[in-house]
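Taking it in order: structure first as structure tokens, then the write-up.
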Amino acid sequence: MSVFEIIMLACFGAAWPFSIYRSYRAGTNAGKSLLFLYVIFFGYISGTLHKVFYNFDRVIFLYVLNGVMVFTDILLYYRNRAREGKSVAVIVGQDES
């Protein structure tokens, strides 16, 4: 277990609750990249698998926690995209009346 790995994961993980909160409250995907979220999620999955198969230690908890937070942000991205689509449909529907 490397203290530097722990610090890296803790620092990266500290940003996700703010991103999740912003996505939830704003209800919009402005400034979000779905590709970026998937790349980061894939990275955390890869790190977790490395820990499982090659170097199992307690740091795996941080990989899993960060992965869950990124996955939550991905789910919020899809929720917000659906909401944005509905609001556009309502606005377009009102213009046609």
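Every read-out reported here was derived from the displayed coordinates using simple, explicitly stated rules and does not represent laboratory data. All of these numbers come straight from a predicted model, not from anything done at the bench. FYI the Cβ positions are ideal-geometry reconstructions off the backbone, even for glycines, and counts take in every protein chain you see.
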Within segment 5-35, the count of residues that are touching a residue at least 40 places away in the same chain (Cβ under 8 Å), assigned to a helix (DSSP H, G or I) and either at positive phi or not hydrophobic (A, V, I, L, M, F, W, C) (or both) comes to 6
Can you name the residue in segment 36-91 that is not polar (S, T, N, Q) and not in a helix (DSSP H, G or I) and is also surrounded by the most Cβ atoms within 10 Å (Cβ to Cβ) among such residues?
59
